[in-house]
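Only one structure is covered here, and it is reproduced in the block below.
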Amino acid sequence: MTIRLALIGCGSISRRHVLSMQDLQLRGRGDFVVSAVCDANQEAATERADMLEELLGVRPAIFPTYQAVIAEAEVDAVDLCLPHGLHHGVAVDSMEAGLHVLCEKPLGITVKACRLMAETAEKTGKVLSTAAPHRRHPGQRTARWILNESGLIGSPQSFFHSFRSATVLRRHEQEPAKGPDPASLWAEKSRSGGDQRPEHIRWRQDRLMSGGGPVLDSGFHYCDSLRYYLGEVDKVYAELRAVKSGKPLPFTEAPEDTVFVTFAFKSGVTGTWAWSVAAPGEEAYDVTFYGTRGSLRETTNAPFSIFHLFQRTSEFRETARLTGADGTIYSMERLVEMHRATLSPEEEEFLYPGGATDGFSVEIWEFLELLRGNREAPEIDGWEGMRSIALGDAIYESALTGEAIRYEDVLSGARSSYQDPIDAHWGLTD
Ligand SMILES: NC(=O)c1ccc[n+]([C@@H]2O[C@H](COP(=O)([O-])OP(=O)(O)OC[C@H]3O[C@@H](n4cnc5c(N)ncnc54)[C@H](O)[C@@H]3O)[C@@H](O)[C@H]2O)c1
């Protein structure tokens, strides 16, 4: 059965999705078609339609709104690549109209938004899968195996993550501001017309549309990966600042550029995450997990390496290695081979379908297989997507209140002061 997809949102990440669709097609796994694209920006939609025609051989119809896609396009599912605040509304309407949904991370803008999406998937019986490629890359599959199954470094005990730079590009700052000081653009000001930057950049400056700054955006990957490696968190304590302007501002006034978080996991593992893109002078990149008998360390100097732990693709350099208590050293490349050697052919096909090792290709293939009835459940379903965003929101809750926050309290909704204004804006109630 040829699955018909609609690509909703034709910005930067949709380009990556199309490249992975081409990757699948080149692997003989092209039994799908993108028959519709949708973007509020006609130019972006046309550009993506051109790309699809060139790379996949079929030109999709172009729709200006997602409502038009639902009403008119003959599709089975949507690939949702919109700004965060739009995820829940589009996903819920799509599922209620009978469409399956692959939704870009973070699944919803808040825990309540995610809960609504997960409940709708259950109610309608439609597939809802979170597009989060990082844990699907060989590096993260391998890191999880090292920490939990291999015995190579013993039981995980602690981790120390530090990323300090002033030279990396952050998406929040990719375009120079033509309007007022970027530090003043957080929240209302970007919506009141003061920000002259293109809309596709601007939404990330608006907490009611983005849900948060780096901790929730690329940080979703970090939180999802930590949970994937180490299980559930018990509590977090966080200090977030925006220091770039020269006067340290609370994160409520400008998106955080400097982050300090302490994590306590239910397993007893503890760790720290220190991250700054406002640290001029000496730079440092170091992610080290310690077990009872050794360590796993990465010192990759790539723009988002602290978020993209052990991502291992051609785009990201990787200098990870394992050091045992006896001094034995294994390169990450060797470790990936060692892990893959433990997999049965069925497990290998499940993790790396047709040999694909790109997390985007893997997540799209998994979604297609779910729709064909060849897999039972998404690896990151609505509830799992919700749990990863709850960790980001627990970090914000701590930074806002100055208290150590129990993760379960954010997950259950007992602690929500950070998310309350965002939920109120989108009319998300219990
Ligand atoms: N997996 C990853 O590594 C990764 C990387 C980047 C972004 N993302 C995620 O992908 C999603 C999109 O991010 P992006 O970087 O592509 O953003 P983007 O700003 O580049 O693209 C968003 C697109 O949505 C369109 N849009 C906005 N409002 C719309 C509406 N009401 N109707 C139709 N179209 C509308 C915009 O015109 C724009 O083309 C986000 O959830 C983001 O977190 C994931």
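The values are calculated or read from the model by the stated rules, or taken from the named source; none is laboratory data. Quick caveat: nothing in here was measured; it's all calculated off a predicted structure. Neighbour counts run over all protein chains shown; Cβ positions are idealised from the backbone, glycine included.
Inspection of region 86-104 finds a residue satisfying the criterion of being among the charged types (D, E, K, R) and surrounded by fewer than 19 Cβ atoms within 10 Å (Cβ to Cβ).
When you look at residue 3, is it β-branched (Val, Ile, Thr) and under 28 Å from residue 425 (Cα atoms), yes or no? Criteria not met by residue 3.
Report whether or not residue 120 is of a type in the set (Ser, Thr, Tyr), within 15 Å of the ligand (Cβ to nearest atom) and either in contact (Cβ under 8 Å) with a residue 12 or more places away in the chain or in contact with a helix residue (DSSP H, G or I) (Cβ under 6 Å, 6 or more places away or on another chain) (or both). So residue 120 fails the test. Reported count of residues in region 240-264, each being in contact with a Gly (Cβ under 6 Å, 6 or more places away or on another chain) and either of a type outside the set (Asp, Glu) or assigned to a strand (DSSP E or B) (or both), is 2. Note on region 175-205: among residues that are within 24 Å of residue 39 (Cβ to Cβ) and buried (at least 21 other Cβ atoms within 10 Å of the Cβ), the one that is modelled with the lowest pLDDT is 185. The residues of region 150-169 that are farther than 28 Å from residue 267 by Cα and either outside the structural domain of residue 332 (by TED's automatic domain parsing) or in a loop (DSSP other than H, G, I, E, B) (or both), listed by number, are 165, 166, 167, 168, 169. Note on region 123-134: among residues that are part of a strand (DSSP E or B) and under 20 Å from residue 219 (Cβ atoms), the one that is farthest from the ligand (Cβ to nearest atom) is 130. Scanning region 28-60 for residues that are touching a Ser or Thr at 6+ places or on another chain (Cβ under 9 Å), crowded, with 18+ Cβ neighbours inside 10 Å and among the small types (Gly, Ala, Ser) turns up just one, 44.
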